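Before any comments, here is the structure.
The values are calculated or read from the model by the stated rules, or taken from the named source; none is laboratory data. Please read these numbers as outputs of a predicted model, since none were measured by experiment. Please note: Cβ atoms are built from the backbone with ideal geometry, for glycine as well, and neighbour counts cover all protein chains shown.
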Amino acid sequence: MSNTIVAQLQQQHTITVLVDNHPGVLARVAGLFARRGYNIESLAVSVTDNPEISRMTIVVNGDHRVLEQITKQLNKLVEVTKVVDYTETAAVERDLALIKVNAEAHHRGEIMQIVEIFRGRIIDMSDKAFIIEVTGGTEKLDKIIHLLEAYGIREMVRTGIIAMARGSKTASRTGRDTE
Amino acid sequence: MLMSGAQILLECLRKEGVTHIFGYPGGAVLPIYDAIFDCHDIKHILVRHEQGASHMADGFARSTGKVGVCLATSGPGATNLVTGIATAYMDSIPMVAITGQVRTSVIGKDAFQEADITGITMPITKHNRLVKRVEDLASAIAEAFYIAKTGRPGPTLVDIPLDVSRNQIEFDVETDYPKQVNIPSYRPAGPSGRVPDLQMKKAVQLIAEAERPVLYVGGGAIASGAQAEVTALAERTNILVTTTLLGKGAIDETHPLAIGMLGMHGNAYANHAVNNADLLIAVGARFDDRVTGNVEKFAVGARIIHIDIDPAEIGKVIQPDVPIVGDVKNILTELIKQVQPREATAWNDQIMEWKEAFPLVYPNDGNLYAEYAIEQVNEIFDHDAIMATDVGQHQMWAAQYFKCNRPRQWITSGGLGTMGFGLPAAIGAQFANPEKRVICLSGDGSIQMCIQELMTATVYGVPVITVIVNNRSLGMVRQWQEMFYEERYSAVDLQASPDFVKLVEAYGGVGMRATTREQLRDALVKAKDVTDRPVVIDCVIPTMEKVYPMIPSGQSVKEMMLRHDLEQVKASVHADGETWSFSDEERVLEQVVEVGATGAESAE
């Protein structure tokens with residue numbers, strides 16, 4: 001099993017796409033992936049510090065050639081300003097999960113310990129369930145989800161990865177990252 | 001001046017140098033048609049079906065290099081353009097499609113004749129845009145034209161809601177129309193772009209080292225207007241040139257260094273040349289599957305230089321040894337300067353030997369065949385006519401037998417393979433080239449897909465000559481069913497077709513029928529004298545004719561079938577008089593492969 005995970009990781013790329021903040025741009029990007037047969041693992045979109053630019057973080061599976069095609073095809077979309085692949089870059093990657101987990105009285109202590117270890121927070125509590133907020137990389141989230149499954153997860157949502165390069169380098173808004 | 005969106009639109013089109021709009025009115029474009037009523041310098045051509053409008057704009061663009069313009073109303077009008085837009089997109093043809101849209105206040109409410117045309121055409125346009133404010137209209141039009149014609153050309157679409165074309169603002173085209181379009185996220189390579197020095201050096205070196213080079217030239221050479229450069233490069237290096245379906249005309253096809261089309265139905269000698277090459281110089285071509293067949297077996301011994309304006313084409317199908325991104329004309333101009341002259345070598349002789357060993361042939365039994373008809377078109381129209389085709393067997397025969405001596409003389413739907421394209425594309429080309437004769441070669445299947453445009457041709461006095469190669473069947477599909485589906489002929493019989501002669505007469509044109517070679521020649525000569533209305537020649541050919549050579553889908557040159565191979569082999573397999581059937585396929589292929597192998601050995 002660990003081998004398959006490694007294989008997947010080798011093929012997984014986190015790319016950041018800067019796009020004009022126009023209606024329909026998400027459809028263009030999503031449509032491109034669908035049409036060319038590229039699979040999106042996760043997708044997070046929001047506006048940037050510049051209200052005219054949105055930033056998408058897309059996690060895709062594929063080898064080097066597939067990624068090169070994705071990058072080039074994305075760059076062909078008129079509303080795409082820049083595409084950056086963070087695979088080879090030192091980058092911070094974060095995913096946020098909200099997990100509604102069964103929390104009967106006799107389990108609450110254990111769950112709170114787990115949450116503490118993973119530096120999560122309990123943000124809602126009722127007589128039968130907690131909502132836990134936890135942030136981190138994909139692996140960390142996978143782990144806590146795995147641990148919480150023992151108590152019964154009622155509902156879960158994840159934002160998908162967002163990423164940013166370490167250091168002072170930025171995904172500049174001008175100029176295109178081609179070739 | 002206070003102007004409506006519709007008036008602004010026409011001002012902008014005028015500014016872009018538009019001379020013809022191919023369109024069809026409707027509710028959502030009423031203000032635009034009202035403005036057209038007062039517009040006398042831009043000619044509006046009323047088609048009979050919006051698909052015809054998009055193909056006409058396409059034919060106009062292909063025959064000139066200018067941007068073709070089509071116009072349709074919202075909903076069904078817009079969706080009827082779709083096939084034409086997709087056709088233009090696949091072949092990188094500059095086109096601006098303008099569609100009406102329902103009022104902005106009811107968009108998304110399933111209003112009458114509402115269709116999300118920007119959503120629908122997203123994957124088949126280079127870019128499209130819904131204009132929600134009349135203030136944005138001029139810049140949207142400027143961008144649409146700029147994007148359509150720059151870089152790798154392609155269709156764009158501007159969707160204009162009814163209220164946007166009706167609303168009025170102060171507008172002066174001289175000051176308010178963008179003189180330059182600046183889109184920070186769109187920076188295509190241009191005709192004067194930077195040439196990558198290092199890659200050029202590598203290319204020059206590969207060419208110097210090559211013993212068996214071949215130039216493989218596609219539609220990109222036409223788009224960038226590089227016929228002179230392709231020819232000059234070939235002549236300087238004595239490298240033979242094979243062209244793709246869309247590259248026809250990138251070199252005069254009667255030039256001694258031109259070896260015609262390659263690929264599935266390409267010349268056997270062109271395919272042998274590519275298959276045995278040690279260097280393939282791809283120029284504005286995209287390694288389409290109809291060219292490569294099985295990619296794993298395509299030009300395996302060759303190093304590859306790939307010149308293309310679109311970076312995404314590099315490595316999409318085949319990883320080149322030397323990628324050069326840029327405008328073909330620009331790159332070739334520089335390459336010609338840098339490359340060392342080469343003499344013709346034994347390799348050139350070898351290809352010429354193949355040319356003699358594997359010529360294009362059709363039965364010389366005195367009967368009328370499509371190939372003969374095409375040769376006669378060449379001759380009777382002095383190798384000067386523009387040839388538009390539909391899609392199917394006749395298209396491949398035309399690709400093989402019609403000889404282009406210049407670019408933009410050949411108009412065909414390559415990538416999408418759109419039946420129904422030929423007639424409207426020919427009409428569009430005729431509007432753009434009133435001094436030329438335009439021939440539409442079609443089939444009895446294809447012609448019926450847009451035949452209503454004969455009326456458009458009659459109304460505007462367009463003397464397009466349509467030669468219908470009539471085999472009373474959907475020939476290309478029938479050919480595949482014969483060869484690969486055990487002769488189980490499913491839904492290919494077109495015995496029941498209209499009388500095309502009477503039909504064109506009903507449309508107000510001239511109809512003639514030819515069942516012999518003499519009749520065909522006579523009909524073409526007569527057609528040449530008709531200059532004010534469309535002509536249709538119903539050219540009756542045998543049903544069972546097939547297109548050769550043929551490399552079966554997804555296979556390689558080794559599996560190429562030549563006419564005499566298959567016919568002879570069939571005859572020998574069934575000397576006892578039985579009919580040939582699919583079960584013989586393997587035996588036939590074995591023998592064909594031997595013939596192919598003999599060809600390859602003689603290369604050594």
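Restricting attention to the range B:382-412, the residues that are part of a loop (DSSP other than H, G, I, E, B) and under 17 Å from B:I468 (Cβ atoms) add up to 6. Is it the case that the range A:89-107 has a residue that's touching a residue at least 60 places away in the same chain (Cβ under 8 Å), within 17 Å of the chain's Cα centre (by Cα), in a loop (DSSP other than H, G, I, E, B) and away from every other protein chain (no Cβ under 14 Å)? Yes, there is a match, as at least one residue in the range A:89-107 is touching a residue at least 60 places away in the same chain (Cβ under 8 Å), within 17 Å of the chain's Cα centre (by Cα), in a loop (DSSP other than H, G, I, E, B) and away from every other protein chain (no Cβ under 14 Å).
Regarding the range B:459-474, can at least one residue be identified that is out of contact with any Leu (no Cβ under 7 Å at 6 or more places or on another chain), in contact (Cβ under 8 Å) with a residue 12 or more places away in the chain, more than 30 Å from B:N433 (Cα to Cα) and surrounded by fewer than 21 Cβ atoms within 10 Å (Cβ to Cβ)? No: the range B:459-474 contains no residue that is out of contact with any Leu (no Cβ under 7 Å at 6 or more places or on another chain), in contact (Cβ under 8 Å) with a residue 12 or more places away in the chain, more than 30 Å from B:N433 (Cα to Cα) and surrounded by fewer than 21 Cβ atoms within 10 Å (Cβ to Cβ). Being in contact with a helix residue (DSSP H, G or I) (Cβ under 9 Å, 6 or more places away or on another chain) and among the hydroxyl-bearing types (S, T, Y) is the filter here; which residues of the range B:151-190 pass it? Result: B:T156, B:S165, B:Y177, B:S185, B:Y186. Scanning the range A:9-66 for residues that are free of Cβ contacts under 8 Å to residues at least 60 places away in the same chain, buried (at least 19 other Cβ atoms within 10 Å of the Cβ) and within 14 Å of another protein chain (Cβ to nearest Cβ) turns up A:V25, A:R28, A:V29, A:S54, A:M56.
Here B:P25 passes the criteria (1) part of a helix (DSSP H, G or I); (2) touching a Phe, Trp or Tyr at 6+ places or on another chain (Cβ under 7 Å) except the one numbered (1). The residues in the range A:110-154 that are part of a strand (DSSP E or B) and either loosely packed, with under 14 Cβ neighbours inside 10 Å or free of Cβ contacts under 8 Å to residues at least 40 places away in the same chain (or both) can be counted, and the count is 11.
Restricting attention to the range B:520-545, the residues that are assigned to a loop (DSSP other than H, G, I, E, B), touching a Leu at 6+ places or on another chain (Cβ under 9 Å) and crowded, with 18+ Cβ neighbours inside 10 Å total 2. In this structure, A:T81 does satisfy being surrounded by 18 or more Cβ atoms within 10 Å (Cβ to Cβ) and in contact with a strand residue (DSSP E or B) (Cβ under 6 Å, 6 or more places away or on another chain). Of everything in the range B:285-310 that is part of a strand (DSSP E or B) and not basic (K, R), the residue that is surrounded by the most Cβ atoms within 10 Å (Cβ to Cβ) is B:I307. Screening B:V283 against (1) in contact (Cβ under 8 Å) with a residue 60 or more places away in the chain; (2) closer than 27 Å to B:A357 by Cα leaves a single unmet condition, (2). Considering B:Y372, B:Y362, the condition of being in a loop (DSSP other than H, G, I, E, B), touching a residue at least 24 places away in the same chain (Cβ under 8 Å) and farther than 19 Å from B:A57 by Cα is satisfied by B:Y362 alone. Considering each residue of the range B:170-190 in turn, none proves to be within 14 Å of chain A (Cβ to nearest Cβ), in a helix (DSSP H, G or I) and either surrounded by 14 or more Cβ atoms within 10 Å (Cβ to Cβ) or out of contact with any His (no Cβ under 8 Å at 6 or more places or on another chain) (or both).
Going through (1) away from chain A (no Cβ under 14 Å); (2) touching a Ser or Thr at 6+ places or on another chain (Cβ under 7 Å) one by one, B:N276 falls short only on (2).
Being within 14 Å of chain A (Cβ to nearest Cβ), out of contact with any helix residue (DSSP H, G or I) (no Cβ under 6 Å at 6 or more places or on another chain) and of a type in the set (D, E, K, R) is the filter; apply it to the range B:76-134 and report the residue that is surrounded by the fewest Cβ atoms within 10 Å (Cβ to Cβ). Only one residue tops the list, namely B:R133. Of all the residues in the range A:82-98, those that are out of contact with any helix residue (DSSP H, G or I) (no Cβ under 7 Å at 6 or more places or on another chain), closer than 12 Å to A:G160 by Cα and either of a type in the set (D, E, K, R) or in the same structural domain as A:E52 (by TED's automatic domain parsing) (or both) number 2.
For (1) more than 14 Å from every other protein chain (Cβ to nearest Cβ); (2) more than 22 Å from the chain's Cα centre (by Cα), each residue gets a yes or a no:
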position	(1), (2)
B:R286	no, no
B:V291	yes, no
B:V295	no, yes
B:F298	yes, yes
B:I307	yes, no
B:D310	no, no
B:I314	no, no
B:V317	no, no
B:I324	no, yes
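For the range B:546-560, the set of residues classified as crowded, with 22+ Cβ neighbours inside 10 Å and farther than 26 Å from B:I468 by Cα consists of B:V557, B:M560, listed by residue number. In the range B:37-60, the residue that is farthest from B:A6 (Cα to Cα) out of those that are among the aliphatic types (A, V, I, L, M) and surrounded by 21 or more Cβ atoms within 10 Å (Cβ to Cβ) is B:M56. Whether a residue is crowded, with 22+ Cβ neighbours inside 10 Å and either modelled with pLDDT of 95 or more or of a type in the set (F, W, Y) (or both) was assessed, and B:I259 passes this test. State which residue is nearest to the other protein chains (Cβ to nearest Cβ) when the search covers only the range A:67-88 and only residues that are touching a Pro at 6+ places or on another chain (Cβ under 9 Å) and not β-branched (V, I, T). Step by step, filter the range A:67-88, then rank; the result is A:K72.
Among the candidates B:L157, B:L137, which residue alone is modelled with pLDDT of 95 or more, part of a helix (DSSP H, G or I) and not hydroxyl-bearing (S, T, Y)? The conditions single out B:L137. Looking at this structure, is B:L423 in contact with a His (Cβ under 6 Å, 6 or more places away or on another chain), buried (at least 23 other Cβ atoms within 10 Å of the Cβ) and either more than 18 Å from B:L246 (Cβ to Cβ) or not assigned by TED's automatic domain parsing to the domain that holds B:A228 (or both)? Spelling it out, it is not the case that B:L423 is in contact with a His (Cβ under 6 Å, 6 or more places away or on another chain), buried (at least 23 other Cβ atoms within 10 Å of the Cβ) and either more than 18 Å from B:L246 (Cβ to Cβ) or not assigned by TED's automatic domain parsing to the domain that holds B:A228 (or both). Set side by side, the residues B:A234, B:A203, B:A210, B:A221 differ, and just one is over 25 Å from B:T345 (Cα atoms), surrounded by 19 or more Cβ atoms within 10 Å (Cβ to Cβ) and touching a strand residue (DSSP E or B) at 6+ places or on another chain (Cβ under 6 Å), which is B:A221.
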